[in-house]
Amino acid sequence: MASPSNHSVNSTSVNCGNIQPTTGNSRPTTANSPPPTRNSPPPTRNSPPPTRNSPPATQNPEDSHSCPAIFLKWVLAFAIMLAVLSGMMYSTLFTFALAKDLRNGTTTIKDGDKVRPKVQADYVALWLILFLPSVFGFIRAVIKEIFSTGQPWPKWPESVILIAVVSAAEVAGQWLFTFNVLTDDYVDVPTVVVLMNVVLIAHFIQQRTKLYKRALFLHFLGLISIGIGVGIQVYLQKIPSDSALLLTTPLSLVLLSFAWSPYIQLVQMKKHESSQQSEHQDNHTSGNSQTAHVRATMVKNLFNMLLLVIVLFVVPPYIDHHLDGISASSGFSSLYLRRTEAMISVLSAFGGYLLGVIACSMCIQLYSFLIPLTLAPIATVFFAVHMDFCPWFGNDLWCRDGARAVVDNTEYIPVLLVVMGQIFYSIYNYVTTASGIHEKEPNMFWFPQHTGVLTGQHMLLNRTKITENLEESSRSAEGQPQSAEGQPQSAECQPQSAEHPLQTEEDLEQKAKDLGGRVMICTTMYRETWDEMSKYLDSIKRVATSDLDKLVGTKPNNRWAGKFEAHVYFDNGLRGDKLTDFSAQLVCLVKDKYPDSVEVTPRRTWYGWKLRWDLSGSLFLPLTIHLKDNQNVKSKKRWSQVMYMESAVDSQRIKESKKRVKYILATDGDVDFDAGSIVAMLLQMLSDREGQVGAVCARTHPVGSGPFVWYQMFDYAIGHWLQKVANHVLGSVLCAPGCFTVYRVEAIKKVLEEYRSDVEEASDFLTKDMGEDRWFTTLLVKAGYKINYCAGAVDSTHCPEEFDEFWKQRRRWIPSTLANQILLLKNWKDVNKNNKHISMPFLIFQAGLLFSTVVSPSTCILILSGGLYYGVGIPPWLSLVFSILFTLVFAVICIRYSQETQLKLAKILCYIFLLAMLVAVVGTVSQMVLSIHSPKTPIGTGPPTTCFCGSEDDIENGTKLQEDMCAFPCPGDSGEFCGGSAKPGQISVYNINECTREARSQQDQDKDKLSYDIVAKLRQFWT
């Protein structure tokens, strides 16, 4: 416990001249002065500054603006652009080649019947190109449904009937375009490219928003350009007036334009009014903004699959007479003739779509999404004319006369006109669409799926547009957009809503950036060192002087300035009216770091004293230090957290909502962070329009030096970049560390009563006091809230550098982690019922992690036993006995003796097991060497064979006693067997896995001798 200093809290300043910085866990001392007493006179106001300044704050661990990072981003953007362009191009070319072969395929006569095996395969291959995207979309929607609960159904009957109608129109349009338009003799590659872009006129069919009206000029330019291009191409092709192409082409394109229009897709996602979420959502903010995109996608793809299966067997014999003689069953049996082309077309479309999604989520949609989709028509024509696929595939589809397109120069004119029209629509897409960094796919596309034909055009139309809300929910909800999990947004990367972008443009975008209340930056301190306190105060100073309004892009009515306040809750900060050494050190640092701040007169409180400084800077940030007297209030971190959480909850009684505390940013006393990370987490919190996100945690980097820090860097990387990301995607993060996490006060209010409960059982101590951060996260998850992970928010914290500190930390973390996992799985029914984000597969995943954690010590023991056996010949049972004895001895020491004795024994055991593991590694390597040179052909199977080592006569006598006995020659030419230097008549018994009765060549014996010598020397070294 820290002793009181001679610094009186009643004075307006503290004498910092004699304060010496602390290192490690040492206590601050004064230089050349006797120990402080309670009756020491108070210091004067004009005390000299500290004799030692703290080192500068560490820089952000990741500098995203460095030249290598920028270069890699450009390389990645270019690679994705080429991949998307290639996917769109190859999908079109291979689909077109199969369609042409379907019409012009050869027919042979066999037994008086027409036989067209390759045409049959063409028919089924084209059908699979249309069918498989619906299968992919259906499976992905089902997986999404499995890993989430409470997804709403589409509105009945309006949306469901519309989905059925749209599905029929889409299937009919795709079928007509594939089997009637592409197969027509008057349709060549330029004509296909021109006709495909006609569906882009569907942009007209959408809500008349302000942004739509402003961009109406782009619509007319695109329409005129595409219309002129289509007219010129039809004229150049000289299509007869009685051709069915003049009917099927506009019919198919009109059907597809209707099915893929943004407004029609938006209306399909209206959720059923009775599809409210489970009862726990009644306590949340409005949940009406959620759309039925998951189940709407399932229903739509199910309709598509059923209709495509029906037309597969019905159309050829009854409707489409140019498909006479084609049978679906025959097509499947001969599909191997066209499986390569079908696979390339399907995978190209699917890969291009996925990479397009990645490009939009990375905020590079201009370079890697819109540009490749715009260039795809030109690239398709170019490759069709100049690319020879015959050497690649070598089949009749590409190695025949007329396989390569012949295009007149005049045909390039309509292609360029159509591309110009697509450019206008791409500009419109760029203006009316926006994504946050790491944006989810349902937020970027109306239906998270692709199509087999006209893939690029469907992606442009399927891209979500900023539109007016379907219901009144956007006006009643918070209206917050989906944030970037990274640095502040650029013009291209604006945020959107968490479930679907159903907000108006500028006004909702500004509402989305309105905090709607105050933000408390709360920190707990106890015995932090000088450097650790300096790091925290430097971070607060950077935040106070930063222009958050400029970073976020808010307007004056939504300013973030003046809405932040910093609080430090100092455990054992004073004794009576005297500051302790550590709290006096903090006060000195505040006065040193903020010389321009305005100090407010200290106030006595029920828990101790409260000191406040109004910091200079654009944020108008006040810093308040709450000095706790442990004689008046409970100590430890959890009770400090309860204090500031109660303060935030009590602020909800204020009538004016802008003055209420809405979010709490919890930090530790040694954390280094910046304003950009705070903005990233708050924007992600604001994006939750339904109020279902209870907390957002950041990515933490450990800082320090030494082997323990190296290990923890790897451990933190696994915990943050792997486990937290997996939990964030599959369900919810289960541990929001208190070192740097944003909490929603509304969520805190629901679990605070349980969080402040006392320890009543031994298990409560593990969950409540040893791992308070994880337990609080568990309470939020049980209450129905989701915990998010924001990879773009970065902070750094000091980690243990010495064994003792590291051991104490892990002794707290590991039991609390296991206890909270067991608590979560124990209440799995309530968690699954109350929290729509926690599904049964996610709980099974957590049970698997718990099982792997429990069995990991036994796995290490098995590895150690095997290595010791191969390394120095210690039997596995003996190493197992020693492991159990060590464990029992350490358990008794932990129960009976002091913590200092426990740490000493822990060090000794760690060194013992470290040496044992080194021996195990050497033994494992030696066994690998032996196995490389051991005989490859074993005799028989089953348990290890018993071998006698001795002379040939001994072996012969031994083998007569048991049939499965075997032996092999020793290395060298000694004539003995089984590694024997044994003399005749002396028999030893060994267990081996493989052996042979045949004598081996001299070369094999030399290799065995070398391996034997290596192993012998290694054993000699270690023993």
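Residues in segment 277-298: is at least one of a type in the set (A, V, I, L, M, F, W, C) and either open to solvent by 10 Å² or more (accessible area, probe 1.4 Å) or modelled with pLDDT of 85 or more (or both)? There is at least one residue in segment 277-298 that is of a type in the set (A, V, I, L, M, F, W, C) and either open to solvent by 10 Å² or more (accessible area, probe 1.4 Å) or modelled with pLDDT of 85 or more (or both). When Y212 is tested against (1) at pLDDT 80 or above; (2) assigned to a helix (DSSP H, G or I), just one condition goes unmet, and that condition is (1). Condition check for K724 on (1) under 29 Å from S657 (Cα atoms); (2) among the charged types (D, E, K, R); (3) under 19 Å from the mean Cα position of the chain (by Cα): one failure, at (1).
Got a sec? Which of R559, R575 is in contact (Cβ under 8 Å) with a residue 40 or more places away in the chain and open to solvent by 40 Å² or more (accessible area, probe 1.4 Å)? Only one candidate passes the filter, namely R575.
Identify all residues within segment 696-709 that are surrounded by 15 or more Cβ atoms within 10 Å (Cβ to Cβ) and of a type in the set (S, T, Y); write none if there are none. Lay out the reasoning, then the answer.
To start, the set of residues in segment 696-709 that are surrounded by 15 or more Cβ atoms within 10 Å (Cβ to Cβ) comprises 696-704, 708-709.
Correct list: T700 only.
Beta carbons closer than 9 Å, at least 6 apart along the sequence or on distinct chains, pair a first residue in segment 637-656 that is more than 15 Å from T524 (Cα to Cα) with a second that is assigned to a loop (DSSP other than H, G, I, E, B) and open to solvent by 50 Å² or more (accessible area, probe 1.4 Å) for A648/R660; S651/R660; Q652/R660; R653/R660; I654/R660. Specify the residue that is modelled with the highest pLDDT; the eligible residues are those in segment 658-689 that are out of contact with any helix residue (DSSP H, G or I) (no Cβ under 7 Å at 6 or more places or on another chain) and surrounded by fewer than 23 Cβ atoms within 10 Å (Cβ to Cβ). The qualifying residue modelled with the highest pLDDT is D668.
Condition check ((1) in contact with a Ser or Thr (Cβ under 6 Å, 6 or more places away or on another chain); (2) at pLDDT below 85; (3) among the polar types (S, T, N, Q); (4) open to solvent by 70 Å² or more (accessible area, probe 1.4 Å)) across all residues:
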site: Q809; (1), (2), (3), (4): no, no, yes, no
site: T817; (1), (2), (3), (4): no, no, yes, no
site: Q821; (1), (2), (3), (4): no, no, yes, no
site: K826; (1), (2), (3), (4): no, no, no, yes
site: L850; (1), (2), (3), (4): no, no, no, no
site: L862; (1), (2), (3), (4): no, no, no, yes
site: G867; (1), (2), (3), (4): yes, yes, no, no
site: P875; (1), (2), (3), (4): no, yes, no, no
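Considering only segment 600-613, how many residues are assigned to a strand (DSSP E or B) and surrounded by fewer than 16 Cβ atoms within 10 Å (Cβ to Cβ)?
Restricting attention to segment 600-613, the residues satisfying the condition of being assigned to a strand (DSSP E or B) are 600-604, 608-613.
Next, only the ones that are surrounded by fewer than 16 Cβ atoms within 10 Å (Cβ to Cβ) stay: 600-601, 603-604.
Qualifying residue count for the region: 4.
Return yes or no: is S856 surrounded by fewer than 13 Cβ atoms within 10 Å (Cβ to Cβ) and in a helix (DSSP H, G or I)? Here the answer is yes, as S856 does meet what is asked. Looking only at segment 727-747, filter to residues that are of a type in the set (A, V, I, L, M, F, W, C) and in contact with a Phe, Trp or Tyr (Cβ under 8 Å, 6 or more places away or on another chain); which one of those is most open to solvent (accessible area, probe 1.4 Å)? Residue satisfying both the conditions and the ranking: L730.
Close contacts from segment 146-172, counting a first residue that is under 19 Å from L306 (Cβ atoms) and a second that is of a type in the set (K, R), with Cβ to Cβ under 6 Å and a gap of 6+ residues or different chains, come to W153/R295; S159/K270; I163/K300; S167/K300. If you take the residues in segment 111-144 that are open to solvent by less than 40 Å² (accessible area, probe 1.4 Å) and under 22 Å from the mean Cα position of the chain (by Cα), which one is modelled with the lowest pLDDT? Top of the filtered list is A141.
For segment 875-899, the set of residues classified as part of a helix (DSSP H, G or I) and among the polar types (S, T, N, Q) consists of S879, S883, T887, Q899, listed by residue number. The one condition from (1) at pLDDT below 85; (2) open to solvent by less than 50 Å² (accessible area, probe 1.4 Å); (3) farther than 20 Å from S348 by Cα that G173 does not meet is (1). From Y367, Y353, Y336, which residue is modelled with pLDDT under 85 and among the hydroxyl-bearing types (S, T, Y)? Only one candidate qualifies: Y336.
Go through segment 637-662 and give me each residue that's part of a strand (DSSP E or B) and under 23 Å from Y607 (Cβ atoms).
To start, the set of residues in segment 637-662 that are part of a strand (DSSP E or B) comprises 661-662.
The one that is part of a strand (DSSP E or B) and under 23 Å from Y607 (Cβ atoms): V661.
Taking Q712 as the residue in question, decide whether it is touching a residue at least 12 places away in the same chain (Cβ under 8 Å) and open to solvent by 10 Å² or more (accessible area, probe 1.4 Å).
Numbers: touching a residue at least 12 places away in the same chain (Cβ under 8 Å): yes; open to solvent by 10 Å² or more (accessible area, probe 1.4 Å): no.
It is false that Q712 is touching a residue at least 12 places away in the same chain (Cβ under 8 Å) and open to solvent by 10 Å² or more (accessible area, probe 1.4 Å).
Remark: L766 falls outside the filter, which requires a residue to be touching a residue at least 60 places away in the same chain (Cβ under 8 Å) and either of a type in the set (A, V, I, L, M) or in the same structural domain as K637 (by the TED database) (or both).
In this structure, D830 qualifies as among the acidic types (D, E), in contact (Cβ under 8 Å) with a residue 40 or more places away in the chain and assigned to a helix (DSSP H, G or I).
Quick check on segment 752-803: of everything there that is aliphatic (A, V, I, L, M) and in contact with a Cys (Cβ under 9 Å, 6 or more places away or on another chain), which residue is farthest from C522 (Cα to Cα)?
So in segment 752-803, the residues aliphatic (A, V, I, L, M) come out as 752, 759, 762, 766, 770, 779-781, 783, 787, 791, 793-794.
Filter once more, keeping what is in contact with a Cys (Cβ under 9 Å, 6 or more places away or on another chain): 787, 793.
Values: I787: 19, A793: 17 Å.
It comes out as I787.
Would you confirm whether any residue within segment 753-768 is open to solvent by less than 30 Å² (accessible area, probe 1.4 Å), modelled with pLDDT under 90 and closer than 30 Å to I146 by Cβ? Checked segment 753-768: at least one residue is open to solvent by less than 30 Å² (accessible area, probe 1.4 Å), modelled with pLDDT under 90 and closer than 30 Å to I146 by Cβ. Taken over segment 877-893, the criterion of being open to solvent by 50 Å² or more (accessible area, probe 1.4 Å) and either under 42 Å from the mean Cα position of the chain (by Cα) or acidic (D, E) (or both) is satisfied by L880, I884, F886, T887, L888.
The values are calculated or read from the model by the stated rules, or taken from the named source; none is laboratory data. These numbers come from a predicted model, not from an experiment. Positions of Cβ are generated from backbone atoms using ideal geometry, with glycine treated the same way; all protein chains shown enter the neighbour counts. What goes into the accessible areas is simple: the full protein's heavy atoms, side chains included, and nothing from ligands, DNA or RNA. Shrake-Rupley method; radii C 1.70, N 1.55, O 1.52, S 1.80 Å.
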